[in-house]
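The structure appears right after this line, and notes come after that.
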Amino acid sequence: MKRMKQVFVRIWRLWYMKYVVTIILGVLIVGFLDENSVWRHLQHKQRISELNKDISNYAEQHRRNQQQIEYLDSTPKAIEKIARERYFMKADDEDIFVLSDDER
């Protein structure tokens, strides 16, 4: 312990060590510990990239939904087909049989 203390005191007595320690602490604070650090900047850039990908996915999904809405507005038979297949709606004179492969 005494030897470590002597080495530390010798190093600290060098005139330029004060500046080296100050620069190292400054880089640590700016690079990693500060609220506006480089590390957080990189994290925010990555998050922005992910959100831009989500935006493009949602825009594509919106475009497909708009096309489907236009198709349904132009063809009434398509609405009837969807009502029969998805919601099991029927005309008054029809019977519906639902066949299932589920095991009980």
Of the conditions (1) open to solvent by 90 Å² or more (accessible area, probe 1.4 Å); (2) touching a helix residue (DSSP H, G or I) at 6+ places or on another chain (Cβ under 8 Å), Gln6 clears all except one; give me its number.
(2)
I want to confirm something. Restricting to the range 40-91 and keeping residues that are among the hydroxyl-bearing types (Ser, Thr, Tyr) and open to solvent by 100 Å² or more (accessible area, probe 1.4 Å), which single residue is farthest from Val30 (Cα to Cα)?
Tyr87
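Within the range 10-17, is even one residue open to solvent by less than 90 Å² (accessible area, probe 1.4 Å), outside any helix (DSSP H, G or I) and not small (Gly, Ala, Ser)? Break it down stepwise before answering.
At the first step, the residues of the range 10-17 found to be open to solvent by less than 90 Å² (accessible area, probe 1.4 Å) are 11, 14, 17.
This time we only want the ones that are outside any helix (DSSP H, G or I), so: 14.
Add one more test, that the residue is not small (Gly, Ala, Ser), and what stays is 14.
Yes, that holds for at least one residue.
Condition first: among the basic types (Lys, Arg) and over 21 Å from the mean Cα position of the chain (by Cα). Can you find one or more residues in the range 16-31 that meet it?
Going through the range 16-31, the residues among the basic types (Lys, Arg) turn out to be 18.
Next cut, over 21 Å from the mean Cα position of the chain (by Cα) only: 18.
The answer is yes; a qualifying residue exists.
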Selection within the range 18-39 - surrounded by 11 or more Cβ atoms within 10 Å (Cβ to Cβ), outside any helix (DSSP H, G or I) and at pLDDT 80 or above
Ser37
Checking Gln61, Gln66, Gln43 in turn, the sole residue that is closer than 27 Å to Met89 by Cβ and under 20 Å from the mean Cα position of the chain (by Cα) turns out to be Gln61
Determine the pairs where a residue that is over 27 Å from Gln68 (Cα atoms), located within the range 78-104, has a partner that is among the hydroxyl-bearing types (Ser, Thr, Tyr) and not in a loop (DSSP other than H, G, I, E, B) with Cβ atoms under 6 Å apart, the partner being 6 or more residues away or on another chain.
none
Quick check on the range 42-49. Is at least one of its residues in a helix (DSSP H, G or I) and of a type in the set (Lys, Arg)?
yes
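The values are calculated or read from the model by the stated rules, or taken from the named source; none is laboratory data. Fair warning: this is a prediction, and the values are worked out from it, not measured in the lab. Positions of Cβ are backbone-derived with ideal geometry, glycine not excepted, and every protein chain shown enters the neighbour counts. With ligands, DNA and RNA removed, areas are computed over all heavy atoms of the protein, side chains included. Shrake-Rupley method; radii C 1.70, N 1.55, O 1.52, S 1.80 Å.
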